[in-house]
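Before any comments, here is the structure.
Here, each number is a calculation from the coordinates, and none is a lab measurement. Values in this document were obtained by computation on a predicted structure and should not be read as measured data. Counting neighbours? That spans all protein chains shown, and the Cβs are built from the backbone with ideal geometry, glycine included.
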Amino acid sequence: MNILGIESSCDETAAAVVEDGRKILSSVVASQIDIHAVYGGVVPEIASRAHTEAICGVVNEALEKAELTINDIDAIAVTNAPGLIGALLTGVSFAKGLAFSSGKPLVPVHHIRGHVAANYLAHQELEPSFVALVVSGGHTSLMRVEGYTDYKLIGHARDDAAGEAFDKCARVLGLPYPGGAAMDRLASVGDKKKYKFTAGTVDGAEFDFTFSGLKTAVINLVHGETQRGRVIDDEFRADIAASFTETLVKSICSRIKLLLEREGAQNIVLAGGVAANSHLRAAVKATAEAFGAKLYLPPLSLCGDNAAMIAAQGYYEFLAGVRGGTDLNAFATKGV
Ligand code: KG4
Ligand code: ZN
């Protein structure tokens, strides 16, 4: 069964064709990063307009690369939540029109479930149940995946997502948007003990995350040093990146450790843009191994937003009978 996936929840316009939820026939991602970099972050209205301009070409290219036409597609899967509402609506409206005109079924997909499904494309043997941690620019969610379409939230970020914290710290250090990958490289050469930061806990919700205090501590430290006349050089950037990353990674691993202590070894799946972070990957791997748990990681190419992951999850949603009609809407926030 061939599923055409469409993704437009943030700043990537993407389309892909995936066979039986596991095999990528094509995957096209048109990034808007260059457009938003001048503003230091995503400008929602500009994102919506850029999606509108790109979407026809991107979907055509995905079909061409798969050497298929719309007639060979069995269902159209589209991200309809969560994300920037105008951006989401572009993909949803396009998918509705295409499904209606071609007579194909339409399948709405939750973006976070899509990130998890990136691992089905990379690990053919992976099946639920497992624990999944999605760390991205917009989300930090720890979930129990009991079936392909059966998700239970264990904990989530109450304020800034991990990626948001990475990007804002990078910005104050003068790095271009999105700064996550640059922070990763800098952290490798910095001194992680140089600055003492903390990431808080949430009273009564031991699996929830809070990163806005950590982000603010970094911003305040940089502003304070700058006011005292310090020049932000590479050594300063590297030490901040290393100390910040160490704190954030420890916070994430502490929740995984707590879960494994309570429940024993089980399969763990990491996903999302921040899952590309080398320090996080190594630390989560070490935590999992310490408890005899198996860790599944997506390749770097499938960590960030793409439509192959949406088509993969769309396949399982389709099998479960999930359908969208011409009244399908998009939602900026929605439980997983
Ligand atoms: O999953 P994604 O493409 O979009 C959302 O769904 O939000 O994630 C994008 C986020 C950005 O915040 C970016 O800075 C971050 O992933 N990111 C990284 C790395 N690569 C991308 N953060 C830390 N280390 C990286 N290597
Ligand atoms: Zn994402």
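Looking at this model, which pairs from K65/K334; K193/K294; K168/K294; K285/K334; K152/K294 are more than 23 angstrom apart at the alpha-carbon? Checking Cα-Cα distances, K65/K334; K193/K294; K168/K294; K285/K334 exceed 23 Å. Kirkwood radius for the chain, taken over all pairs of different Cα atoms as the inverse mean of 1/r, rounds to 20.3 Å.
Each residue of segment 260-277 was assigned a 3J(HN,Hα) from its phi angle through the Karplus expression (A = 6.51, B = -1.76, C = 1.60, θ = phi - 60°), giving 5, 4, 6, 10, x, 5, 7, 5, 10, 10, 10, 7, x, x, 6, 5, 6, 5 Hz with x at Gly and Pro. Calculated mean residue ellipticity at 222 nm for the chain: -14500 deg cm²/dmol, from DSSP H runs with n ≥ 4 weighted as -39500 (n - 2.57), summed, divided by the residue count and rounded to 500.
Taking GluC sites (Glu not before Pro) as exposed when DSSP calls them loop and at most 10 other C-beta atoms lie within 10 angstrom, the chain has its longest site-free stretch at 126-336. If the reach is capped at under 19 angstrom between alpha carbons, list the aspartates and glutamates near K250, excluding any in the same chain fewer than eight residues apart. Correct list for K250: D159, D160, E164, D167, D184, D191, D203, E206, D208, D239, E261, E289.
Between A157 and T140, F209, the built amide H atoms are under 5 Å apart, and every one of these is 5 or more places off in sequence or on another chain.
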